[in-house]
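In what follows, a single structure is set out as structure tokens and then discussed.
Nothing in this text is a laboratory measurement; each read-out follows from the coordinates by a stated rule. In this text the structure is predicted, and so the values were computed from the model without any measurement. Cβ coordinates were reconstructed from backbone atoms using ideal geometry, including for glycine residues, and neighbour counts include every protein chain displayed.
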Ligand SMILES: C[S@@+](CC[C@H](N)C(=O)[O-])C[C@H]1O[C@@H](n2cnc3c(N)ncnc32)[C@H](O)[C@@H]1O
């Protein structure tokens, strides 16, 4: 069942936290000349018009990106990311970013993970994208097809990831960002990441999960406690103590295997600032927890 459309949620507090973490990892990968690859298993449609009807219907971005953009005093790396988003204008790139004359755009725009990565790629770096929703896939295809560093697959991101391990370029990141519209996604995501890590133990893996009242996140975290990764396994959570309306997230989590050096401290500083700046269902906190200590 593919009922989820990211356009309703793009730029919310969970996106900001996840994309700031992605930005930190990409900045780290760019420190060395050696090429890197990014595999984005649940890519979405690439970029989002925050002036669209979808975005207006939930207004979620106003409590996330909207508040962060207007606030002062963001940590340096987050400010860099926010400036990057503010400057992101697919319409200025026209056809190259899949802008069609027949469509109407209002803006402001928000880059999804494919375009955050794409703008950080160098000539020899590679981006692999998987997306299963027919319409989201078509939008994404139209938007990325002119970039030779990007490879797009209309494929299940769980089995697709395991099938392409290890990647030809052995430095890099897997981002798994499922929509969890069915409960089996928790198990599928955990299994796929564990199997992929088995075949690529030096890769960095970042798995997003929501914090809902159902408590499935606890099971997901505990299924990684036995991984013997020398780089360690950590979780970063931005969350309110209490839930919102039924089915609404009280918080957002990232499980990261082999995070870059000092990523935990950098993300904690960013997450704490977001907790004090964005609007969650109640007073919010950021926390870092190591499931497996780095050796
Ligand atoms: C949360 S959204 C992705 C957002 C994107 N990663 C970003 O940060 O901009 C999840 C996406 O996964 C897609 N999807 C759902 N199940 C999938 C599967 N099994 N394989 C690949 N994509 C899937 C959905 O259609 C949706 O577009």
Given the conditions (1) surrounded by fewer than 23 Cβ atoms within 10 Å (Cβ to Cβ); (2) within 28 Å of residue 134 (Cα to Cα); (3) more than 12 Å from the chain's Cα centre (by Cα), every one holds for residue 18 apart from (3)
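Can you confirm whether region 246-260 contains a residue that is under 23 Å from residue 64 (Cα atoms) and over 20 Å from the mean Cα position of the chain (by Cα)?
For region 246-260, residues under 23 Å from residue 64 (Cα atoms) and over 20 Å from the mean Cα position of the chain (by Cα): present.
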Okay, strands (runs of 3 or more DSSP E) sitting entirely in region 200-295 with 3 or more residues that are surrounded by fewer than 16 Cβ atoms within 10 Å (Cβ to Cβ), I get 284-292
Restricting region 5-15 to residues that are part of a helix (DSSP H, G or I) and more than 8 Å from the ligand (Cβ to nearest atom), the one surrounded by the fewest Cβ atoms within 10 Å (Cβ to Cβ) turns out to be 8
In region 30-57, anything within 14 Å of the ligand (Cβ to nearest atom) and over 19 Å from residue 145 (Cα atoms) is listed as 49, 50, 54, 55
Within region 28-45, the residues that are part of a loop (DSSP other than H, G, I, E, B) and touching a strand residue (DSSP E or B) at 6+ places or on another chain (Cβ under 8 Å) are 35, 36, 41, 42, 43
Q: Evaluate region 154-171: report whether one residue or more is outside any helix (DSSP H, G or I), buried (at least 19 other Cβ atoms within 10 Å of the Cβ) and within 12 Å of the ligand (Cβ to nearest atom).
A: no
